[in-house]
Amino acid sequence: MPAFSLEPEQIAWCGELRTLAAEQLRPLAEKGEPGHVNRALVAELGRLGLLGRLFTSGALDLCLMRESLAYACTEAETALALQGLGAHPVHACGTPAQRDRWLPKVADGTAVAAFALTEPGAGSDAAALELRAEPDSGGSVTAEPDGPAGWRLTGEKCWISNAPEADFYTVFARTTPGAGARGVTAFLVPADRPGLTGTPLDMLSPHPIGALDFDAVPVTADDVLGEVDRGFRVAMGTLNQFRPSVGAFAVGMAQAALDATLAHTSRRDAFGGKLKDLQAVAHQVAEMALRTDAARLMVHAAATAYDEGAPDVPRRAAMAKLLATETAQYVVDRAVQLHGARALRRGHLLEHLYREVRAPRIYEGASEVQRGIIAKELYRDVEAVEESQ
């Protein structure tokens, strides 16, 4: 299927999701408390079968879900996305026992997942993680039956979505000091492990974000996701799938802001006519639409590349997230400007989007990091061509 064209069934499904989000999910979102997990909303996402689709759908379907939900209810979109981000490593790399215990609960909305990668001193440079996974009984830790197979996690994580209220965390810790990305291991850590505590952080965006403190938290070989010292692959594999859909979230917000602007400028009287009759306004609206559609196309192209197993997924995913999140920031800001002071009043759609749109330019790799990934991949291609000549 071409990335630039959706099937009629997909278009209809997106419309159904928008209606569902507006009529069933938004009322639950409005009853939630900002900064806390809205478990009623998560449970409804599970009841509707949307959480289960996280593990059966491809990257393009994930993008369509996230854009459609974001258009009508950003809280529902974020709740769905965080379940996927936290649980995807379990789905992709977990043992049968790990999958059987946690994935059905994630899918039905009775267990809340979280992805714990970022640290106070290791945000954009994820390979610089300092959370230590130290052998529990001394010596090297292995998964062999005749060797010790336990660690103690000591250190901090911060800016973790759904913390400290999640039921389990995908945690990335350093098992081999000084090894960079090659010495990181992914662990599945239930929230009730002794020594694991958390603190909520008061943030601009309304979804829950917190810090985690690990005070010699015990984990075993049964908690490892994937292979020891290969956890960075788990993290990057998850991010490569979810980065285009972060772009889809941004596109959904941009489209909502654009549609609100079209309605407002068509009705608003100004200077003897409607706002839309002013060329300066009409051209801004045209630019907003142009950038939104361009971002959507790049998101769909990146997701399709992921689904087809293309070799350039990291570059495409980075491009999609970068363009879409920067575009959404531009579109929402222009929408606020064209609405005037009314858009800054608490409770206005654009006031809500203005707070929501800022964070995606930072999380899952800041815009500057995406540019670095793109450049690295481009020069790698150049080097490959030169070596083959």
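One table, with the values for the structure above:
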read-out	value
Filter pass, D125 being within 25 Å of F249 (Cα to Cα), outside the structural domain of V246 (by TED's automatic domain parsing) and surrounded by fewer than 16 Cβ atoms within 10 Å (Cβ to Cβ)	yes
Residue check for E23: surrounded by fewer than 24 Cβ atoms within 10 Å (Cβ to Cβ) and among the acidic types (D, E)	yes
Test result for L353, surrounded by 18 or more Cβ atoms within 10 Å (Cβ to Cβ) and within 19 Å of S161 (Cα to Cα)	yes
Unique residue being under 21 Å from H283 (Cα atoms) and not acidic (D, E) when the list is A366, A335, A359	A335
Counted residues, the range 49-61 - those being more than 17 Å from A113 (Cα to Cα) and either surrounded by 23 or more Cβ atoms within 10 Å (Cβ to Cβ) or not small (G, A, S) (or both)	4
Residue ID - modelled with the highest pLDDT, chosen from residues in the range 1-16 that are of a type outside the set (A, V, I, L, M, F, W, C) and farther than 20 Å from R53 by Cα	S5
Qualifying position, being more than 13 Å from the chain's Cα centre (by Cα), at negative phi and part of a strand (DSSP E or B), among V217, V234	V217
Members of the range 324-382 found to be more than 20 Å from V299 (Cβ to Cβ) and not in a helix (DSSP H, G or I), listed by number	R345, R346, G347, H348
From the options G86, G49, residue that is outside any helix (DSSP H, G or I) and outside the structural domain of G237 (by TED's automatic domain parsing)	G49
Number of the exception - R334 against (1) loosely packed, with under 15 Cβ neighbours inside 10 Å; (2) over 30 Å from L117 (Cβ atoms); (3) touching a helix residue (DSSP H, G or I) at 6+ places or on another chain (Cβ under 8 Å)	(1)
Pairs with Cβ under 6 Å, 6+ apart, first in the range 212-240 and buried (at least 18 other Cβ atoms within 10 Å of the Cβ) and at pLDDT 95 or above, second part of a loop (DSSP other than H, G, I, E, B) and charged (D, E, K, R)	V217/R193
Selected residue (criterion: nearest to the chain's Cα centre (by Cα)) from residues of the range 188-211 that are β-branched (V, I, T) and crowded, with 19+ Cβ neighbours inside 10 Å	I209
Only one of G49, G58 that is on the phi > 0 side of the Ramachandran plot and either modelled with pLDDT of 95 or more or touching a Phe, Trp or Tyr at 6+ places or on another chain (Cβ under 9 Å) (or both)	G49
Selected residue (only one of T175, T170, T185 is crowded, with 20+ Cβ neighbours inside 10 Å and under 20 Å from A81 (Cβ atoms))	T170
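The values are calculated or read from the model by the stated rules, or taken from the named source; none is laboratory data. Since the model is a prediction, treat every value here as computed from it, not as a measurement. A quick note on method: Cβ atoms are made from the backbone with ideal geometry, for glycine too, and the neighbour counts reach across all protein chains shown.
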